[in-house]
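Student: The structure under discussion is supplied below as structure tokens; questions concerning it will follow.
The values are calculated or read from the model by the stated rules, or taken from the named source; none is laboratory data. Bear in mind the structure is a predicted one, so any value in this text is a computation, not a measurement. Quick reminder, even Gly has a Cβ in these numbers, built from the backbone with ideal geometry, and neighbours come from all protein chains shown. Surface accessibility is based on the protein's heavy atoms, side chains included, excluding ligands, DNA and RNA. Shrake-Rupley method; radii C 1.70, N 1.55, O 1.52, S 1.80 Å.
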2 protein chains.
Amino acid sequence: MSPQHTEFVKRNESYVASFGGKDALPMPPAKKLIVVTCMDARLDPAAHLGLKEGDAHVIRNAGGCVRDALRSLVISQRLLGTREIAVFHHTDCGMLTFTSDALRRIVKDAAPGDAAVAARVDEIDFLEFEDLHASVKEDVAWVTGEALLLPETTVTGWVYDVKSGRVVQVV
Amino acid sequence: MSPQHTEFVKRNESYVASFGGKDALPMPPAKKLIVVTCMDARLDPAAHLGLKEGDAHVIRNAGGCVRDALRSLVISQRLLGTREIAVFHHTDCGMLTFTSDALRRIVKDAAPGDAAVAARVDEIDFLEFEDLHASVKEDVAWVTGEALLLPETTVTGWVYDVKSGRVVQVV
């Protein structure tokens with residue numbers, strides 16, 4: 001696999017050519033919405049939720065884990081006026097397939113004898129989960145109970161199905 | 001602003017109707033690529049980089065800060081085979097407009113006398129930056145020097161211009 005970055009400028013050309021009007025969009029999200037979802041390559045949240053540029057903050061990480069997004073959530077709410085959080089996890093997620101201990105072992109085995117690597121990876125909670133729907137409910141409960149987030153936040157939890165493209169509300 | 005989540009199922013319908021074929025996409029990103037970029041509402045990385053579902057992991061947080069993405073980067077490289085990281089920051093970014101101290105003050109002032117809130121927000125580094133291009137270079141250097149990431153990673157750094165839709169390589 002050759003590096004992809006050599007293609008970025010060329011692939012960007014058609015977007016630039018049809019950009020007109022989007023230069024006037026303001027920084028705060030028009031819909032006062034934050035979408036939190038997984039980094040998974042199969043997801044295109046703008047496409048499957050019909051969001052346009054300017055509509056919503058989109059936070060993505062492994063699993064769509066809200067606990068890993070606290071810094072961004074606080075910035076979004078306190079500085080940029082968002083008042084709704086929609087948490088999306090998805091079927092066939094990688095987070096259902098491993099444990100933190102197993103991943104730490106992979107990292108350590110690739111750097112045998114490196115005590116610094118071992119110590120650092122042992123500090124990371126990889127936030128995997130065993131039950132998809134339960135993980136969505138837990139994340140929504142976490143947001144609702146988090147004192148650094150605004151109590152007037154509307155919070156919903158969803159599952160995206162990678163086999164159909166469909167979103168289903170869980171909570 | 002009424003809640004947006006009541007619109008998600010309706011807005012998802014046309015995506016579901018034209019989903020055909022994407023149900024067979026595998027979990028690992030076809031292009032072995034991770035894009036790290038900001039949560040900013042004006043960005044649609046799939047559109048402005050011409051990425052399709054299945055191509056790349058997309059990690060988004062406030063600023064596109066790689067240090068805040070380590071958990072996800074390790075999972076992507078060690079479990080899902082990615083070998084290239086492209087870091088995007090963008091013009092007119094909110095991260096250029098505040099300091100961690102000022103944001104902590106906003107959170108504390110909204111919860112007067114709440115010692116627990118004050119203690120928790122004081123622990124958060126909001127990872128703001130003062131110089132856009134320098135921040136991209138720093139993030140690329142951080143990835144390159146991070147012992148938990150694979151040394152064979154191809155790393156590039158970019159700026160996205162919210163006034164033109166154009167991407168420009170910095171490093």
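Student: From the residues in the range A:107-161 that are under 12 Å from B:L148 (Cα atoms), among the aliphatic types (A, V, I, L, M) and surrounded by 14 or more Cβ atoms within 10 Å (Cβ to Cβ), which one is farthest from the other protein chains (Cβ to nearest Cβ)?
Tutor: A:A118
Student: Only one of A:A46, A:A86 is facing another protein chain (nearest Cβ under 7 Å) and within 12 Å of the chain's Cα centre (by Cα). Can you tell me which?
Tutor: Selected residue: A:A86, the only one of A:A46, A:A86 that is facing another protein chain (nearest Cβ under 7 Å) and within 12 Å of the chain's Cα centre (by Cα).
Student: Separate question: Considering only the range A:32-43, I want to know if a residue exists there that is part of a helix (DSSP H, G or I) and at the interface with another protein chain (Cβ under 7 Å from one of its Cβ atoms).
Tutor: no
Student: Filter the range A:52-83 down to residues that are facing another protein chain (nearest Cβ under 8 Å), farther than 17 Å from A:G94 by Cβ and crowded, with 24+ Cβ neighbours inside 10 Å, then give me how many there are.
Tutor: 8
Student: For the range B:99-163, give me every one of the helices (runs of 4 or more DSSP H) that falls completely inside it and has 1 or more residues that are under 16 Å from the mean Cα position of the chain (by Cα) and within 27 Å of B:I34 (Cβ to Cβ).
Tutor: Details: elements: B:100-109, B:115-122, B:132-145.
Of the helices (runs of 4 or more DSSP H) lying wholly inside the range B:99-163, those with at least 1 residues that are under 16 Å from the mean Cα position of the chain (by Cα) and within 27 Å of B:I34 (Cβ to Cβ) span B:132-145.
Student: Restrict the check to the range B:115-127 and report whether at least one residue is at negative phi, of a type outside the set (A, V, I, L, M) and touching a Ser or Thr at 6+ places or on another chain (Cβ under 8 Å).
Tutor: yes
Student: Same structure again: When both residues are 6+ apart or on different chains and their Cβ atoms are under 8 Å apart, which pairs have a first residue that lies in the range A:1-29 and is within 15 Å of B:V159 (Cα to Cα), and a second that is open to solvent by 60 Å² or more (accessible area, probe 1.4 Å) and charged (D, E, K, R)?
Tutor: A:N12/B:R166; A:V16/B:R166
Student: If I ask for residues that are part of a loop (DSSP other than H, G, I, E, B), over 14 Å from A:M39 (Cβ atoms) and within 8 Å of another protein chain (Cβ to nearest Cβ), which ones from the range B:1-31 would you list?
Tutor: Quick first cut of the range B:1-31, residues part of a loop (DSSP other than H, G, I, E, B) only: B:1-4, B:18-21, B:25-31.
Filter once more, so that each one left must be over 14 Å from A:M39 (Cβ atoms): B:1-4, B:18-21, B:25-26, B:30.
Once the filter is applied, which keeps residues that are part of a loop (DSSP other than H, G, I, E, B), over 14 Å from A:M39 (Cβ atoms) and within 8 Å of another protein chain (Cβ to nearest Cβ), the range B:1-31 yields B:M1, B:P3, B:Q4, B:F19, B:L25, B:A30.
Student: Select from the range B:84-106 the residues that are surrounded by 19 or more Cβ atoms within 10 Å (Cβ to Cβ) and among the acidic types (D, E) and list them in ascending order.
Tutor: Result: B:E84, single match.
Student: Among the numbered conditions (1) in contact with a strand residue (DSSP E or B) (Cβ under 7 Å, 6 or more places away or on another chain); (2) more than 22 Å from A:M27 (Cβ to Cβ); (3) open to solvent by less than 40 Å² (accessible area, probe 1.4 Å), tell me where B:T37 comes up short.
Tutor: (2)
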